Amino acid sequence: MTSSSTDTKEKLHSFLSGLPEFASTPRIQSLYSDLGRQKLSNPSGYTANLGWWRSVLQELVSRRMQSNNANALVLHVNQELSDALRWDKVGRPAGLSTVVDDMTRDGDLHPLGLFLLSSVSIYESGSVVGRVADILIKRSFWWAMEHLNLVNPDGSESAAAKWKRVCGDYVVISVVKTLADSIIAAQDEKSSLTISETIYSLDSFKKYAESCSPTHSIRLSDLDVKILLRYLSRDRHVLVVQGEVIKFAEDPALRRITSIDQGVFELKSTIERVEQQIEHIETSIKSRTNQIKAAVLASRKEIAKLQLSSRKALEALLNQRVQTLTTLTAALSSIDQAHSDAAILKAYETSSKVLKEILSKPELQKERVDEVMDKLREGMEGAEEIRIAVEEGGWEVVEAAGAGVDEDELQKELEVIIQQEKQQEAAIKVPTISQDSKMDEKKLLEITRRLESQHLKAPHKAVVSATTASLLSTFAGYPLDSLKSRLQASRTSITVPRLAANILREEGIAGFYRGIWIPLVTISAVRAVSFTIYNETKDKLHGPYGWSRERLLSVGASGAVGGALAGCLISIGSVRECDFHVSKDVVLTSPQAFELVKVRRQLEYSIAAAKGIQIVKPPSTWSAIKDIVRGANGDKMGGTGNSPKGITALWTGMRLHWLRDTSGTALYFFEYDSMRYLLGRLPNGEQGPTPYWAPIHASIIPFVCGSLAGVSSWAIIYPLDVVKTKTQQRALSGLKY
């Protein structure tokens, strides 16, 4: 073992012994145990241990405490690392392979070869197809590993196989990111950034990166520079590399190496070489001077003269190189100045074009400006006259009205109003508990529930919100509902764009809104009643029945019960409470009846076309209602004449409609309330702080929960909706159903 590796190991042990965890033997035993077993038996302990190892390995790399400390950004996972982490009391870390595997999966570590060769940023997630393929490949891989006896029968990988798999070199992303952030911040602080300050060679970039490190003590290897350049160009998009030319450019339009950049690079490279030559010449001159002094002291005049002559030649060469460096530096400054002047001139040109375009507008012509100012002056004068007249007339009215008012009578009325306000405040005042008296616990709980119930009830808010939302959503989504009904009733395969084009060609825009008036008028009241039933049911369950607002299951179940009652009662309640008359004053309040008429209007052309009949003029909504009641649909549409007749015909498919609305509404509100609870809704109904795992703004949480609940619930009950539409379509056509 070399002295360098010994020093590194001692440095590592000194670092570990200074950590607070190493003061406790049980804690060390837990950290050095098999973390793969902890992952199943003690998830919280596993998470804590994994976080500790993650920070230790990152510090080990950033402080260059590896046995081979040539690289400052790479973790070498091998037997030497395991031996270096060995601790006298517990031995080697048995869970090191699990730590490396999890850090790789979480993106904290990246295999060195893959990091350098991949063209995809480490911050970009793969496509859906890529993720599916990845899952399939992994499953196939583990199946093969199991049959080759390389993993245990339960699917877990053996410790030896896992260690062999994870051994290798890894890029530590956190260390790379910290250094990259320092470099980017240093570039941003250069307020007068010139073109020469954005161009670097590999050597100059290496020195610049080392000077930007937070500790200013890092020493980068060639591999570290290569990793850093790859990260800054591919993952941070702040520079471009072409050959040996490195250019900082955050603007995508400037992220390429031009001939100007190449010229600046060559000039800066020449300056760097001349500076190195000057440094070497100065060192040689100092050496010659020391040799001359030694020769003089030794009385060796000939050697002293020879060294003196050599020093004079070096001094002459030094003067030439200094003059060359001055000339090159002046040329580079001229290039920077010219580049800045070009940018300023371009800004002038752009500004002049914009100003000329603005001034060319008709409203900024002198005649137009004078006209507008004259009108404004006249308007202000007229407004001032009106203001003065109003003030004068107002005072006259006040004086006239006050002439017959009794001051004592006004004072009495004011006292009555004040007394009424005090009585109202006393009526709603919440009793308080003083230090000398204690309120009965049951009474306090009852008061709290009443106040909470009063706070939660907002019937007017629910009605207004539901009515407004239903009007807008019905009008906006009705064309899609028409397309849905026709797709469900169609017996041939057809795409949505083609179906929409056919409707537009045959029926016009009105075809998309056929039958909209009935749902537009009635659905507002239906949804208002639905939300009222839903809210009242939840309040009853959480109030008198004592369902908890603090448990996920209770919150979701109350939403499901409220939704089910709302869907059920809206489907059948109005059938029992209303009379239906087929006359000029027909009153139809059942959603099922309106649903059937809506489907009838939406499928008029589809039903007729299926029977070879051409509709010249579509019937009105009122005609459609009369046809359904008379059972004339099948006859008009070429059916068998078996259409249901009478007022009950409006309730064709009632059971399917009731089942769809009840189950769909229950499922929707179960998902909605459950998601709102998980995303931080408080027991009083207000939105609280969102959890850390859901970085969503509080204002859009209802929208997100409603969207997800709507999509998923519809996806589940959609087959039932298809069956309902098919049943109603066949009944309207006079076919057997």
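With K and R counted +1 and D and E -1, the other residues having a Cβ less than 12 Å from that of Arg321 yield a net charge of -3. Along its principal axes, segment 656-729 has C-alpha extents of 48, 22, 16 angstrom, given from the largest down.
Full extension of the chain between Ser14 and Asp88 yields a length gain of 25.3 nm, computed as 0.36 nm times the residue separation minus the alpha carbon distance. The relative contact order of segment 524-570 comes to 51 percent, based on Cα pairs under 8 Å that sit 6 or more residues apart.
For Ser158, the amide hydrogen comes within under 5 Å of the amide hydrogens of Asn152, counting only partners 5 or more places away or on other chains and with H modelled in the peptide plane. If you take every residue apart from Arg273 with its C-beta less than 14 Å away from the C-beta of Arg273, what net charge results, scoring Lys and Arg +1 and Asp and Glu -1? So the surrounding residues net to -4. Each residue of segment 282-299 was assigned a 3J(HN,Hα) from its phi angle through the Karplus curve 6.51 cos²θ - 1.76 cosθ + 1.60 (θ = phi - 60°); the sequence is 4, 5, 5, 4, 5, 5, 5, 4, 5, 5, 5, 4, 5, 5, 5, 5, 8, 6 Hz, with glycine and proline shown as x. Measuring nothing but protein heavy atoms, the accessible surface of segment 519-564 at 1.4 Å probe radius is 66 percent carbon and sulfur. In terms of packing, defined here as the mean over residues of other Cβ atoms within 10 angstrom, the peptides 331-342, 48-59 line up highest first as 48-59, 331-342. In a shell of Cβ-Cβ distance under 12 Å around Ser14, excluding Ser14 itself, what net charge do Lys and Arg (+1) and Asp and Glu (-1) give? Around Ser14, the charge tally is +1.
Accessible area per residue for segment 293-372, computed on protein heavy atoms with a 1.4 Å probe, is 81 Å². Could you work out the percent of alpha carbon pairs in segment 335-392 separated by over 17 Å, rounded to a whole number? In whole percent, the long-distance tail amounts to 65. Convex hull volume per residue, computed on the Cα atoms of segment 53-92, equals 68 Å³.
Only protein atoms count toward the accessible area here, which uses a 1.4 Å probe; on segment 181-340, the carbon and sulfur part of that area reaches 54 percent.
Couplings for segment 232-238, taken from phi via the Karplus curve 6.51 cos²θ - 1.76 cosθ + 1.60 with θ = phi - 60°, read 5, 7, 8, 9, 10, 6, 10 Hz in order; Gly and Pro are left as x.
Of the peptides 544-550, 375-381, 160-166, the order by per-residue mean of other Cβ atoms within 10 Å, starting with the highest, comes out as 160-166, 544-550, 375-381.
The packing ranking, built from the mean of other Cβ atoms within 10 Å per residue, places the peptides 232-238, 698-704 in the order 232-238, 698-704, highest first. Translational diffusion of segment 174-294, estimated by Stokes-Einstein from the Kirkwood radius over alpha carbon pairs at 37 °C in a medium of 0.692 mPa s, is 205 µm² per second. 3J(HN,Hα) couplings calculated from phi for segment 535-541 with the Karplus curve 6.51 cos²θ - 1.76 cosθ + 1.60 (θ = phi - 60°) are, in sequence order, 5, 5, 5, 4, 5, 5, 5 Hz; Gly and Pro show x.
What segment 1-94 shows is 51 Å² of accessible area per residue, with the surface traced by a 1.4 Å probe over protein heavy atoms. Principal semi-axes of the equivalent ellipsoid, √(5λ) from the alpha carbon gyration tensor of segment 237-314, are 49, 10, 6 Å from largest down. Expressed in units of 2.2 N^0.38 Å, where N is the residue count, the Cα radius of gyration of segment 293-380 is 2.95.
The values are calculated or read from the model by the stated rules, or taken from the named source; none is laboratory data. In this text the structure is predicted, and so the values were computed from the model without any measurement. Cβ: placed from backbone, ideal geometry, glycine included. Neighbour counts: every protein chain shown. Keep in mind that these areas ignore ligands, DNA and RNA; they rest on the heavy atoms of the full protein, side chains included. Shrake-Rupley method; radii C 1.70, N 1.55, O 1.52, S 1.80 Å.
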